Amino acid sequence: MSIAVPNTTLQQHVHTLYRDHHGWLRGWLRLRLNNSADAADLAQDTFVRVLLARTAGSLREPRHYLATIARGLVIDLYRRRSLEQAYLEVLATRPELHEPSAETRALILDSLLAIDRMLDGLGARTRAIFLAVQLDGLSYEKAAARVGVSVSTVRKHLARALMHCLLLDDA
């Protein structure tokens, strides 16, 4: 088994980037989130992404780059909270006897987030066709009529959606 030797140059670039811009990024996030704890968490997550991307040494506009990553993380945070809130609202309507355990709720929420990410990666027409067939159980003909396309177009969009799902599953 071989152990990867850390790239000290990359570590130095990340350290410098962190030292020079972490405070700014945390403040930038705090203004947008109105929450210091979330801002600190997302600032750390941003630098983890930079470290994993190994791009710290080649940045010309580091604040723009950091803000772009952080903006995506903010969107993910709000999306996750929105899904979680919707799920909790549905749970609240169920009798206590049928309430899932905390572990099951976490697994369901993770699954919902994965489905949301998958659907978000599809174009509007592909998403509408995929949901019509997979969720609503429509035949290809009925899905085609609902969306206003041909049956062969439905087949092409479903193939595209299924390929997208398979590629995400491998990632």
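The values are calculated or read from the model by the stated rules, or taken from the named source; none is laboratory data. Bear in mind the structure is a predicted one, so any value in this text is a computation, not a measurement. Using ideal geometry, Cβ is built from the backbone for each residue, glycine included, and neighbour counts are taken over all protein chains shown. Note: accessible area is taken over every heavy atom of the protein model, side chains too, but ligands, DNA and RNA are not part of it. Shrake-Rupley method; radii C 1.70, N 1.55, O 1.52, S 1.80 Å.
Of all positions in the stretch 96-104, none carries a residue that is under 23 Å from residue 166 (Cβ atoms) and not charged (D, E, K, R). Considering the conditions (1) open to solvent by less than 90 Å² (accessible area, probe 1.4 Å); (2) over 30 Å from residue 166 (Cβ atoms); (3) not hydrophobic (A, V, I, L, M, F, W, C); (4) not in a helix (DSSP H, G or I), residue 20 is excluded by exactly one of them, (4). Note on the stretch 26-80: among residues that are over 21 Å from residue 114 (Cα atoms) and touching a Ser or Thr at 6+ places or on another chain (Cβ under 7 Å), the one that is surrounded by the most Cβ atoms within 10 Å (Cβ to Cβ) is 66. Kindly indicate whether any position in the stretch 103-114 is assigned to a helix (DSSP H, G or I), of a type in the set (Val, Ile, Thr) and more than 30 Å from residue 17 (Cα to Cα). Scanning the stretch 103-114, I find at least one residue that is assigned to a helix (DSSP H, G or I), of a type in the set (Val, Ile, Thr) and more than 30 Å from residue 17 (Cα to Cα), so the answer is yes. With respect to residue 157, is the statement that it is in contact (Cβ under 8 Å) with a residue 24 or more places away in the chain, in a helix (DSSP H, G or I) and more than 21 Å from the chain's Cα centre (by Cα) true? It is true that residue 157 is in contact (Cβ under 8 Å) with a residue 24 or more places away in the chain, in a helix (DSSP H, G or I) and more than 21 Å from the chain's Cα centre (by Cα). For the stretch 92-134, the tally of residues that are surrounded by 10 or more Cβ atoms within 10 Å (Cβ to Cβ), farther than 20 Å from residue 77 by Cβ and more than 17 Å from the chain's Cα centre (by Cα) stands at 13.
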